[in-house]
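The values are calculated or read from the model by the stated rules, or taken from the named source; none is laboratory data. Being a predicted model, the structure only gives us computed values, none of them experimental. In this analysis, Cβ positions are derived from the backbone assuming ideal geometry, glycine residues included, and neighbour counts consider all displayed protein chains.
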Amino acid sequence: MFEKKESLKGAETIIGPSVMIKGNFNCKGNVIVDGVLKGNVKTYGDILIGNKAKVSADIEAKTARIGGEIKGNIKVENGLQIVSSARVFGDIECTSLSVEEGAIINGKCTMTKGAKEPKIEIEEEIKKEEKKEEKTNKK
Amino acid sequence: MYVYIYDEFTNQAKYKKLLYKIERRLTDLNLNGETIRLGALKDLKTAIEDKIKRGAKTIVAVGDGQTVNRIMNIIVDKSREKKYLTLGIISLDEKINFVANSLGIKNIEDACDILLARRVETFKLAQINQGYFLFKVNINSPNTVLEIDRDYAIKNTDMANIEILSTLNLKDLPDTEKRKLKLTIRNKDGQSAFPFNELLVVNRDIPIIIDDSFKIDGPARIKPSQEEIKIIVGKERQI
């Protein structure tokens, strides 16, 4: 999906530098954002937010690579990469997450699918521990 | 039956030799037909409709890119009932005629031979306001505001070349891009690209160049249309 260089294969839509977009941006294919975007972005494909991009929008995509500034929530069906130049001010929801050193994230992070919350029954745990200690003491 | 429509500017003295050359070549190839000369004529549409009623099947635009577009728009209207109507082109443009060149019609000698060879292709048309265009629309002004699919607006903040390309006649396109037009914005920083169904150029009095041939003023609404036209093309067609 994302190569080492900031690029996205077969991007249907490219928002270059010096271009400002305002409104609800919906599309089916891959999207690259290097300019300014205000509103909402939804795609069935992958999205790449470039290092110099400024986005004030909620983003929904299949996968995403974030390099610029985002003020808004990010919801991704699969993987989310947040690179060192990224500044994210909003909540994140994804199934897999990678964050580079230097990235800034201010918001809630929810990992969906496959991440079960562990059931901690404290009393049972304490009883198990006590039984172990007794056995050790008897020996 | 062929009908040759000579644009008004071809009445100038400098085109006299060229026109003589064309008419001689058409005679040699047995492609003579009826002639309409714009200038004295007030209503081109009625004149063409009259010829079509009398059996004209091929209308040949003799002039430049704007001549082609003007005649094309009239033929498209009539093509809905008369599917056999075909457009031919003889270019007298002093500069390179983008439309003729793209259709493989490079010079006058070739144009007459191409009419004889009669290689006919059907082209889907894109619509701009009440008219149609074949290939592209260009805008070269800063601070242009474009509304896309009534969903979002784009503003280019720098001087940029804005091009709206009709991809309706391109064959190797993925399904997601068929029946859509493509907007490209090029400036010193890079390039942007957007497929769309409908685009509105919001700015008033902004020059909009159609098929590299002539200008109209904004605002303009651009979208794919259901209309088609048959055109006689050369072997070395580029688009």
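Things to note:
- Looking only at residues in the stretch B:176-189 that are closer than 18 Å to A:Asn30 by Cα and touching a Pro at 6+ places or on another chain (Cβ under 9 Å), the one that is surrounded by the most Cβ atoms within 10 Å (Cβ to Cβ) is B:Leu181.
- Top-ranked residue in the stretch B:94-104 [being in a loop (DSSP other than H, G, I, E, B) and in contact with a strand residue (DSSP E or B) (Cβ under 8 Å, 6 or more places away or on another chain); ranked as modelled with the lowest pLDDT]: B:Asn97
- Any hit, the stretch B:200-216, residues being in contact with a Pro (Cβ under 7 Å, 6 or more places away or on another chain), part of a loop (DSSP other than H, G, I, E, B) and within 13 Å of chain A (Cβ to nearest Cβ): yes
- Candidate set from the stretch A:1-19 (those that are closer than 19 Å to A:Arg87 by Cβ and within 9 Å of another protein chain (Cβ to nearest Cβ)); member that is modelled with the lowest pLDDT: A:Pro17
- Yes/no for A:Asp34 being over 23 Å from B:Arg150 (Cβ atoms) and either in contact (Cβ under 8 Å) with a residue 24 or more places away in the chain or at the interface with chain B (Cβ under 10 Å from one of its Cβ atoms) (or both): yes
- All told, B:Arg24 falls short of being surrounded by fewer than 18 Cβ atoms within 10 Å (Cβ to Cβ), at pLDDT below 90 and among the basic types (Lys, Arg).
- Within the stretch B:7-60, if we keep just the residues that are in contact with a Phe, Trp or Tyr (Cβ under 9 Å, 6 or more places away or on another chain), of a type in the set (Gly, Ala, Ser) and free of Cβ contacts under 8 Å to residues at least 40 places away in the same chain, the residue that is nearest to B:Ile74 (Cα to Cα) turns out to be B:Gly39.
- A:Ser96 meets each of the listed conditions (1) crowded, with 19+ Cβ neighbours inside 10 Å; (2) touching a Leu at 6+ places or on another chain (Cβ under 8 Å) apart from (1).
- For the stretch B:140-165, a residue qualifies if it is under 26 Å from the mean Cα position of the chain (by Cα) and outside any loop (DSSP other than H, G, I, E, B), and the qualifying residues are B:Val145, B:Leu146, B:Glu147, B:Ile148, B:Asn161, B:Ile162, B:Glu163, B:Ile164, B:Leu165.
- Out of B:Leu92, B:Leu181, B:Leu146, one residue alone is in contact with a helix residue (DSSP H, G or I) (Cβ under 9 Å, 6 or more places away or on another chain) and of a type in the set (A, V, I, L, M). It is B:Leu92.
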